[in-house]
Amino acid sequence: MYTKLVSSVLFPIHELVKRHSSVALRRELEASQWFNQDKLAAMQLEKLNRFMTEIGRHVPYYRSMFQDLGFIPGNFKSVTELAELPLLDKTKIRQAGSLLQADNAGPLSLFNTGGSSGQPLQFMVGKQRKSHDVAAKWRATRWWDVDIGDKELVVWGSPIELGAQDHLKQWRDRVFRSRLLPAFAMSDQHIKGYIKEIIHYGPTMLFGYPSSLALIARYAKRHQINLSNLGIKVAFVTSERLFENQKALISEVFNCPVANGYGGRDAGFIAHQCPHGGMHISAEDIIVEIVDKQGLPLPAGEIGEVVVTHLATAEFPFVRYRTGDLACLGTDLCPCGRHLPLLESIEGRTTDFVLAADGTTMHALSLIYVLRELANVAEFKIIQESQFHTRLLLVMQSDIDNASIDFIRRNFHQRLGDIQLDIEFVSQIPREKSGKFKYVESKVGATWDYA
């Protein structure tokens, strides 16, 4: 009953006070998710044309661009015609500055990315974008039979969240039954305290980085702490690549399914997994393209860089924005019956690559899978200092034998060639400033490179 009070009364009042339209938008999204593909495509095209017309009138950056290109906004016959426009990236956004802000924009908030892949990006976000992102996430949450007002425990580390723990936010979190644990410090001592809090709080759902929830689960399993009877319905994970061994561990320890989410502060709430396993794109608000290295669109089923156009960002537009992530569009529909398009094979960032001694660029997953073969490796980080020197940081659950060390060296040398490999055993690997965990750090500029 309390959950219903929050989701039906208190949270709508909260959003009304903030002048957000997320409540009405969520209702619309819960209807449109069942539209057939043709109806969804028609709705998306109509929104796209309206969006392009709006930014062509009111955003100096796009007004000038459209004039230079001789482009008349609002005349698309298909969303595929978006490919006629240039790609947008972090460098262009920094260079454009205030030219990307609409001259009729309402109140805007300054947002930052975590900067885990380089220099943080600063950009502006309006109430429309906030409302759409809240609505999309809210809809996806309800797919798992949980709602705003159910007890939520969040393991997170964004400076924006942690810097906003004022009295008003603390009161709001208590009312909405959301509790935050910082993901910056994940030592055994901290994790021991987190587990006590989880048991005492008894959350209905978890939310956090997969690496952080997996660390908590691993500690509980190692110390034979039973967390399977807390009644947790689902663990939502996002902001990092979810590995299958992490998913299995979290699900086993907390006795609940794990729902993967994909998106970011800059690109928005892009896709979320439903109980049938499909990663559904929030297609009512977001157009996802997959492009090759030259920026040309790829067909469904082929892996390339994820490019996003967010249709609720007219006040500070993200049009064909390069996320730096690799994935592909699905070729089938999800058995759940929703016709929202699917995102598949989310491979991580285009910078998650290493350079072999012979100059070959390869995805770091080729090294990560080697380490995943060793059950007693709790955490690791691959640091490529140069083309011929790689450091491997290992946090072990138990002592490692010589055979396992030989296994690592043999497989790393098979992939990287004749290099110097330093294996360092540490008690903890620091998180990024955002609280995320970065598995790979290449200092030689190895980037995505394929035909």
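With the simple spin-label model, which puts each label point 7 Å out from Cα in the Cβ direction, the His276 to Gln189 separation comes to 5.0 nm. What's the carbon and sulfur percent of the chain's accessible surface, probe 1.4 angstrom, rounded to a whole number? Answer for the chain: carbon and sulfur cover 52 percent of the accessible area. Beta bridges from DSSP with both residues in segment 282-441: antiparallel share about 75 percent, rounded to the nearest 5. Simple spin-label estimate for Lys233 and Ser8 gives 1.5 nm between the two label positions (7 Å along the Cα-to-Cβ direction from each Cα). Length gained on full extension, Val426 to Tyr201: 77.8 nm, using 0.36 nm per residue less the C-alpha separation.
Here the 3J(HN,Hα) profile of segment 327-342, calculated from phi with Karplus coefficients 6.51, -1.76 and 1.60 at θ = phi - 60°, is 6, 9, 7, x, 9, 10, 8, 6, x, 5, x, 6, 9, 4, x, 10 Hz, Gly and Pro shown as x. Of all lysines in the structure, those lying under 21 Å Cα to Cα from Lys127, and not within fewer than 8 positions of it along the same chain, are Lys18, Lys47, Lys137, Lys169.
In the chain, what percentage of the DSSP-assigned beta bridges are antiparallel, given to the nearest 5?
Details: 40 of 67 bridges.
If we restrict to bridges inside the chain, about 60 percent are antiparallel.
Sorting check: for 408-420, 215-227, which peptide has the highest mean count of neighbouring beta carbons within 10 Å, and how do the rest follow?
Numbers: 408-420: 15.5, 215-227: 17.4.
The densest-packed peptide leads the list: 215-227, 408-420.
Rounded, prolate or oblate: which fits segment 30-152, taking a ≥ b ≥ c as square roots of the Cα gyration tensor eigenvalues, rounded meaning a/c under 1.5, else prolate when a/b beats b/c? Since a/c reaches 1.5 but b/c is at least a/b, the shape of segment 30-152 is classed as oblate. For Asp145 and Lys39, the difference between the fully extended length at 0.36 nm per residue and the C-alpha to C-alpha distance is 35.5 nm.
Distance between the 7 Å Cα→Cβ label points at Gln414 and Asp89: 3.4 nm.
Applying 1/(1 + (r/R0)^6) with R0 = 22 Å to the Cβ-Cβ distance of Asn104 and Arg27, what FRET efficiency is obtained, to the nearest 0.05? The partial results should precede the final answer.
Numbers: r = 27 Å, r/R0 = 1.22.
For Asn104 and Arg27, the calculated efficiency is 0.25.
Protein heavy-atom accessible surface, 1.4 Å probe, per residue over segment 1-148: 53 Å².
With an a/c value of 1.5 or above and a/b not larger than b/c for the gyration tensor axes a ≥ b ≥ c computed over the alpha-carbon atoms, the chain is described as oblate.
Quick check for you: with a 1.4 Å probe and neighbouring chains kept, what is the accessible area per residue of segment 210-251, in Å²? Working shown, then result.
Values: 1630 Å² over 42 residues.
Result: 39 Å² of accessible area for each residue.
The values are calculated or read from the model by the stated rules, or taken from the named source; none is laboratory data. Only a predicted model underlies this, so the values are computations on that prediction, with no experimental measurement involved. When we count neighbours, we look across all protein chains shown, and the Cβ atoms used for this are built from the backbone with ideal geometry, even at glycine. Areas reflect the complete protein model, heavy atoms only, side chains present, ligands, DNA and RNA absent. Shrake-Rupley method; radii C 1.70, N 1.55, O 1.52, S 1.80 Å.
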